[in-house]
Amino acid sequence: MSETSSADAQTPRSAAAPERPSRATSAYRRYARWARLSRYALLAFLIAGGVFIVWLVPWLPRGLDASDYTPQFAFTVYLFGGVALIGFLALGLREMARRDREALMVLGTVYDEETGLHNRAYLYDRLALEAGRAERLNYVFSLLVFQIRHNRPGSNSAQGLPKAALQQVAEAVQRITHSTDLVALLSDSELAVLTIGVDQQNRKALQERVRHIIAGELPSMLDEPALIDVKAGAATYGLDGTDYLTLVQAARTSASLASPERAQAA
């Protein structure tokens with residue numbers, strides 16, 4: 001069996017791709033379209049509102065005169081203003097409630113419940129989005145994958161990290177990456193880093209730096225003796241693929257075939 005086939009066989013079953021990764025790209029296009037239309041609508045509302053106020057105020061040279069303000073008409077104007085104010089207040093409160101509801105839904109779909117890290121589905125969506133942007137804007141990004149295993153004394157099989165240690169490792173990685181980068185949980189033993197603007201020449205240095213950070217800080221995060229292996233792989237948009245599935249597979253295969261950096265937890 002070839003090395004590539006062996007690496008594919010070692011791929012965790014939990015890392016299967018979503019069925020419809022293109023939903024992120026479609027959602028982004030719909031959002032951009034509705035956001036543009038909403039700006040036009042807001043501009044039209046402000047212009048119409050300004051014309052209405054100029055027409056309504058009797059002390060301005062255009063529009064109604066003071067003699068037009070009979071008691072019945074004045075009451076109508078006050079009633080209209082009150083209805084408009086209550087309507088804007090109700091719409092504002094509903095919008096705040098909608099955003100809070102969406103935030104609750106996002107917490108469940110974007111983050112892993114046990115570790116609090118960005119989950120695999122969100123990583124795939126971001127990769128699909130970045131691939132679309134890279135195609136349109138002609139820029140580059142890379143995906144780094146770090147496979148982390150540790151063996152307890154007396155155990156013959158490598159195991160994934162405890163959830164708490166995995167979270168601490170991800171936080172350490174986030175401290176040395178840019179705010180535009182994404183650190184996500186690819187599986188129970190794999191971390192992925194989406195790096196914007198990093199090409200093939202620069203990804204190697206970042207890959208080695210992150211792997212060194214993981215191997216250096218992990219021993220202090222484990223509560224029991226263990227031998228730690230950290231493998232690193234990478235894939236760059238355009239060079240290793242142009243869709244998210246190809247990039248993920250290329251990065252994971254690269255990591256599976258790489259030599260591990262080892263550390264000892266006392």
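Every number here is computed from the coordinates shown, using simple stated rules; none is lab data. No experiment lies behind these values; they were computed from the predicted model shown. For neighbour counting, all protein chains shown are included, and Cβ atoms are generated from backbone atoms with ideal geometry for every residue, glycine included.
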Under the Karplus curve 6.51 cos²θ - 1.76 cosθ + 1.60, θ = phi - 60°, whole-Hz ³J(HN,Hα) for region 232-243, x wherever Gly or Pro sits: 10, x, 8, 8, 10, 4, x, 8, 9, x, 10, 10
Note down the magnitude of the dipole of region 119-230 about its Cα centre, charges +1 on Lys and Arg C-beta and -1 on Asp and Glu C-beta and zero elsewhere, to the nearest 20 debye. 180
Under the 7 Å Cα-to-Cβ spin-label approximation, GLU208 and ARG62 lie apart by a distance in nanometres of 7.0
In nm, to one decimal, how far is the ARG99 label point from the ARG175 one, both placed 7 Å along Cα→Cβ? 3.2
For region 116-265, what does the convex hull of the Cα positions come to per residue, in cubic angstrom? 97
What is the extension gain from LEU43 to LEU91, computed as 0.36 nm multiplied by their sequence separation minus the C-alpha to C-alpha distance, in nm to one decimal? 15.5 nm
Quick one: dipole size for region 27-110, taken about the Cα centre, charges +1 on Lys/Arg Cβ and -1 on Asp/Glu Cβ, in debye to the nearest 20. 660
Mind checking the full-extension length gain between ALA164 and ARG136? Use 0.36 nm per residue of separation minus the Cα-Cα distance, one decimal, nm. 6.2 nm
